[in-house]
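The structure appears right after this line, and notes come after that.
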Amino acid sequence: MPKTILTIAQSPYGFTSTDDQGIVTKMDVRPELGGHNTGSSPMVMLLHALAGCASIDVLMILGKMKLEVSDYTVTVEGEREKDKEPALWQQIHITFSLKGAGLDEAPVKRAIDLSLDKYCSVAFTLRAAGAQISYELLLES
């Protein structure tokens, strides 16, 4: 079973979280909320997780299709519920930017759709909490 241990690194809200493989993640909140901005907020970590989860799937699927990607960037933007506690992610938009010789839109979109609609557990978790996830694809040869 995966495990993580969180400790205070910079009081009051700066944390380090170390997983069972020794990988350290920094978390904090913005200064206007009392933090020091030394790491991502826990809610933004969900956007990081979505980008990573979808990217692993997409690149694995494209690799199985024997399609080479020479440059890859994913941007995730989200909007949280207004005037609610807790304020869940309501709208999330992902921009996939890929570069590679011979990359066509159809197979790349297929890989993204498979990730977001079938394989990415983070996307399913966010949707189960009510988030709507959309995406766009920017291809460069």
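The values are calculated or read from the model by the stated rules, or taken from the named source; none is laboratory data. Quick caveat: nothing in here was measured; it's all calculated off a predicted structure. Neighbour counts are summed over all protein chains in view; Cβ atoms, including those assigned to glycine, are modelled from backbone coordinates with ideal geometry.
Worth a mention:
- Residue check, residue 124 part of a helix (DSSP H, G or I), under 29 Å from residue 27 (Cα atoms) and of a type in the set (Phe, Trp, Tyr): yes
- Residue 51 being within 19 Å of residue 133 (Cβ to Cβ), part of a helix (DSSP H, G or I) and not aromatic (Phe, Trp, Tyr): yes
- Residues that are in a helix (DSSP H, G or I) and free of Cβ contacts under 8 Å to residues at least 60 places away in the same chain were ranked within the stretch 56-78; the one that is surrounded by the fewest Cβ atoms within 10 Å (Cβ to Cβ) is 64.
- Remark: residue 34 matches the filter, which requires a residue to be free of Cβ contacts under 8 Å to residues at least 60 places away in the same chain, of a type outside the set (Lys, Arg) and surrounded by fewer than 14 Cβ atoms within 10 Å (Cβ to Cβ).
- Condition met for residue 121 (in contact (Cβ under 8 Å) with a residue 60 or more places away in the chain, surrounded by 14 or more Cβ atoms within 10 Å (Cβ to Cβ) and in the same structural domain as residue 58 (by TED's automatic domain parsing)): no
- Count - residues of the stretch 91-140 that are touching a Lys or Arg at 6+ places or on another chain (Cβ under 7 Å) and over 14 Å from residue 50 (Cβ atoms): 2
- Subset of the stretch 94-118 [closer than 13 Å to residue 133 by Cα and free of Cβ contacts under 8 Å to residues at least 40 places away in the same chain]: 113, 117
- Number of positions in the stretch 5-25 that are surrounded by 14 or more Cβ atoms within 10 Å (Cβ to Cβ) and outside any loop (DSSP other than H, G, I, E, B): 8
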